[in-house]
Every structure is written in C-alpha cells, then in structure tokens.
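Worksheet: the structure to be examined is printed underneath.
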Amino acid sequence: MMKFTKMHGCGNDYVYINCLEEKADDPAELARRVSDRHFGIGSDGLILICPSDRADVRMRMFNADGSEGEMCGNGIRCVAKYVYDHHIVEKTGLSVETGAGIKQLDLFTEQGKVVQVRVDMGEPVLVAAQIPVVSDKAEVIGVPVEVGGKTWEMTCVSMGNPHAVVFVQDTAGLDLISYGPLFEHHEMFPKRVNTEFVQVLSREEINMRVWERGAGETISCGTGTCASTVAAVLNGYCPRGEEIAIQIRGGVLYDTYLENGDVVMRGPAVEVFHGEWRE
C-alpha cells in the first residue's frame, strides 16, 4: 500500500508520491500503471518528491509511458505546493532539484495554502546540438521544415527538455493527433521532442496546443509555454521583458523572457485528492 496525492497545474495532472515517507519501486512501471485513465488513477504521469542534498527537495518526473523526463513546469509548481501545504518546507522561497538543474520558486499563499507559484526556469538552450536537434544550423529559429507533407515555421528550444515550436494560423482546427507523433518521432530529434503549435493572438497573448513526448496531447505544459514564449520573442511576435499570457486548454500561464536571459513562469497549483494505491 502506497499513499499518493493527485495534483494538477492548469489541468496537467500527475500522481505525486512523497518519497520522504513512501518507497516507489520501479517508478517507470508504476508511472504506466497509475497513469492509466481506465484501470489506474489517471494522469499525465508520475512525480516523485525526494530528498536532496543540493536543494530543499528533489523532483523526479515520469511520463505516462514510463519514460523519465528532465523537467516539468506544471509539475514543479505542484511539488512546491505539496511540500509547503504539508509542512515539509515552511518558507515561501523554495529550491527544487530537477533533471534540468536546481530551480528557484516563489510561493504565493492564501489562508496558509499555496495558490500560485512563480518559477525561474533558467536560460533556454538554443544551440541545436544541445537541445538536441539534428540541423546544419547552429540555432534553429524560424526555420522552415517539412513534416507530414506540410511546411512549418519551426523554432527549437530546450527548457531542460527538448521543444519544437511551430507557428500556425489556427490551433483549434489543427489535426494534432496526426501531426504530433510525426514531430515526436522525426529523425531530427534523437531524444524525441515536445511540440507546441502556437497561434499569435496579439503582442501580449498567444494560444498554444501541445503534443508531449511519451504522453500525447496534454491540456497544459509548463516547459512548453516557456519554450513558446522564447520562440515568440525570438521571431518578433512578442516583446522581451514583458509578461505574456499563454492560453492553453487547461487555463492560462504567464511567462516572461527576461533581459538577463532567464524565463520566468507564473501559474496555479491545485491538489485534487489523495488516496492509497494497492497492488
């Protein structure tokens, strides 16, 4: 028997295990089982909250297919809410160790509970070989590529995990279930890729749909909104140093590509329920 908590950030939902108290054997297989929305708990994946000798806590994130991801923007906000609300770390400035390095978070509380979290996601990686994306260009910014018989304007960014951002005229009518897998498994991406399809609404607002590697379409992706913000700025659609509202299926996230090079993300974190997993 293992205790768990179900949480979400803008609908990007994960099962959380407090590994300060619980033991999660074979987390990859556990992620596959608990994520199943018919026979399991139902989630986009599994997140383990672990001890760290470098930060307040450590986060490990597993996709629904059992593959381990380096970072999850929505997930890390929920980790912050969990450790604060459950009195594991009683401060509103928090550090979390991830596969993409240590992230600094600011917590906003109401009546003793965290409602919003701001995360300094660090600097985006734009060097193609480091994302990684196979290209004859040092950086892939606004480059036309052909995928699925169509030409797309693509910008590649790593926020600790690889992203391909493509700009489209209409996200609502996009056949994401067809094109998402073609990007994810394209030979350009040796570690697969998360793909954001972005519609620019104004200088201060964009709309985004995302196909996540190992999970399919999710209704939110925190690292994806950060990558989309960077891409929108680099391609001249949105201003640098100003907060941009990213409309996603699960709500709204607010990201800023700072002049110092970092990307800051602000958004909600919600605890849904807790229970016991018995197998």
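The values are calculated or read from the model by the stated rules, or taken from the named source; none is laboratory data. Everything quoted here is computed from the prediction, not taken from an experiment. Note that we place each Cβ from the backbone using ideal geometry, even for glycine, and neighbour counts take in every protein chain shown. These accessible areas exclude ligands, DNA and RNA; they are computed on the full protein's heavy atoms, side chains included. Shrake-Rupley method; radii C 1.70, N 1.55, O 1.52, S 1.80 Å.
Mind listing whichever residues of region 1-21 are modelled with pLDDT of 95 or more, in a loop (DSSP other than H, G, I, E, B) and exposed (fewer than 15 other Cβ atoms within 10 Å of the Cβ)? Residues satisfying the conditions are Leu20, Glu21. Among the residues of region 47-65, those identified as more than 22 Å from His87 (Cβ to Cβ) and either among the aromatic types (Phe, Trp, Tyr) or not in a strand (DSSP E or B) (or both) are Phe62, Ala64, Asp65. Of all residues in region 221-236, at least one satisfies being closer than 25 Å to Lys113 by Cα and not β-branched (Val, Ile, Thr). Taken over region 36-74, the criterion of being touching a residue at least 60 places away in the same chain (Cβ under 8 Å) and of a type in the set (Val, Ile, Thr) is satisfied by Ile41 alone. When restricted to residues that are over 17 Å from the mean Cα position of the chain (by Cα), under 23 Å from Gly73 (Cβ atoms) and outside any strand (DSSP E or B), region 143-171 contains 2. Of Arg58, Arg118, Arg54, all but one fail to be open to solvent by 40 Å² or more (accessible area, probe 1.4 Å) and either more than 30 Å from Trp277 (Cβ to Cβ) or under 15 Å from the mean Cα position of the chain (by Cα) (or both); the exception is Arg118. Under the condition of being touching a residue at least 40 places away in the same chain (Cβ under 8 Å), in contact with a helix residue (DSSP H, G or I) (Cβ under 6 Å, 6 or more places away or on another chain) and outside any strand (DSSP E or B), the residues counted in region 93-142 number 4.
With respect to the conditions (1) under 21 Å from Ile17 (Cβ atoms); (2) touching a strand residue (DSSP E or B) at 6+ places or on another chain (Cβ under 8 Å), Gly122 lacks only one, and its number is (1).
The condition of being more than 18 Å from Arg209 (Cβ to Cβ) and without any contact (Cβ under 8 Å) to a residue 40 or more places away in the chain holds for only one of Glu243, Glu279, Glu271, that being Glu243.
Let's see how each residue does on (1) closer than 21 Å to Asn12 by Cα; (2) buried (at least 20 other Cβ atoms within 10 Å of the Cβ):
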{"position": "Asp175", "(1), (2)": "yes, no"}
{"position": "Phe189", "(1), (2)": "no, yes"}
{"position": "Asn194", "(1), (2)": "yes, yes"}
{"position": "Ile219", "(1), (2)": "yes, no"}
{"position": "Thr223", "(1), (2)": "yes, yes"}
{"position": "Cys226", "(1), (2)": "yes, yes"}
{"position": "Gly251", "(1), (2)": "yes, no"}
{"position": "Asp262", "(1), (2)": "no, no"}
{"position": "Phe273", "(1), (2)": "yes, no"}
